[in-house]
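The values are calculated or read from the model by the stated rules, or taken from the named source; none is laboratory data. In this text the structure is predicted, and so the values were computed from the model without any measurement. Don't worry about glycine lacking a Cβ; one is built from the backbone with ideal geometry, like all the others, and counts go over all protein chains shown. Keep in mind that these areas ignore ligands, DNA and RNA; they rest on the heavy atoms of the full protein, side chains included. Shrake-Rupley method; radii C 1.70, N 1.55, O 1.52, S 1.80 Å.
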Amino acid sequence: MQAKWTSKALGDLARLFEFLAPVNRRAAARTVLSLTTAPTRLIEQPRLGEKLEEFAPREVRRILVGHYEIRYEIQQSTIYVLRVWHTREDR
């Protein structure tokens with residue numbers, strides 16, 4: 001298995017960093033680091049996250065990292081990180 005980030009997910013990380021950085025740049029960097037390293041757990045256990053049935057037949061799942069949600073999709077031997085956001089965001 002390998003993990004790949006979509007352009008939307010990378011944009012989400014940039015947006016989150018830009019939002020957090022003016023208040024505390026170090027905390028913003030730590031948050032982004034924890035979010036970028038979280039999918040490495042999925043390489044060994046890709047079905048670790050909760051399956052989101054509304055996307056069937058696609059295998060889209062989610063994991064929580066602190067107060068952030070990461071949505072990902074499993075396709076053959078690749079995990080695609082789709083989106084990342086704070087759970088308080090209105091989605």
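If I take every Cα pair under 8 Å that is 6 or more residues apart in the chain, average their sequence separation and divide by the length, what percent do I get for the relative contact order?
Relative contact order, the chain: 34 percent.
Treat each spin label as a single point 7 Å out from the Cα along the C-beta direction, and report the SER34 to THR87 distance in nm.
Here the answer is 1.2 nm between the modelled labels.
From the helices alone, meaning DSSP H stretches of at least four residues, give me the mean residue ellipticity at 222 nm for the chain, per-run term -39500 (n - 2.57), in deg cm²/dmol to the nearest 500.
Numbers: 3 runs with 32 residues, N = 91.
About -10500 deg cm²/dmol.
Equivalent-ellipsoid semi-axes (√(5λ), Cα gyration tensor) for the stretch 25-91, whole Å, largest first?
One finds semi-axes of 22, 15, 8 Å for the stretch 25-91.
Tally Lys and Arg at +1 and Asp and Glu at -1 over the other residues with C-beta under 12 Å from the C-beta of VAL84: what net charge comes out?
My count for the surroundings of VAL84 gives +3.
By DSSP, what percent of the beta bridges with both residues in the chain are antiparallel, rounded to the nearest 5?
Beta bridges within the chain, antiparallel portion: roughly 80 percent.
Given a 10 angstrom Cα cut-off, can you work out which residue in GLU54, GLU73, GLU44 is the most mobile in a GNM of the chain?
Maximum fluctuation in the GNM of the chain, among the listed residues, is at GLU54.
Taking the Cα centre of the chain as origin, work out the dipole magnitude from +1 charges on Lys and Arg Cβ and -1 charges on Asp and Glu Cβ, in debye rounded to 20.
Once rounded to the nearest 20, the dipole reads 240 debye.
Please sort by residue number the trypsin sites (Lys or Arg not before Pro) in the stretch 1-68 whose DSSP state is loop and whose Cβ has at most 16 other Cβ atoms within 10 Å. It would help to have the intermediate numbers written out before the result.
Values: sites: LYS4, LYS8, ARG15, ARG25, ARG26, ARG30, ARG41, ARG47, LYS51, ARG58, ARG61, ARG62; in loops: ARG47, ARG58.
Sparse-neighbourhood loop trypsin sites (Lys or Arg not before Pro): ARG47, ARG58.
Hey, any idea what % of the stretch 1-81's accessible area is carbon plus sulfur with a 1.4 Å probe?
That fraction is 53 percent.
Leaving out ligands and nucleic acids, note down the accessible area per residue over the chain with a 1.4 angstrom probe, in whole Å².
That works out to 65 Å² per residue.
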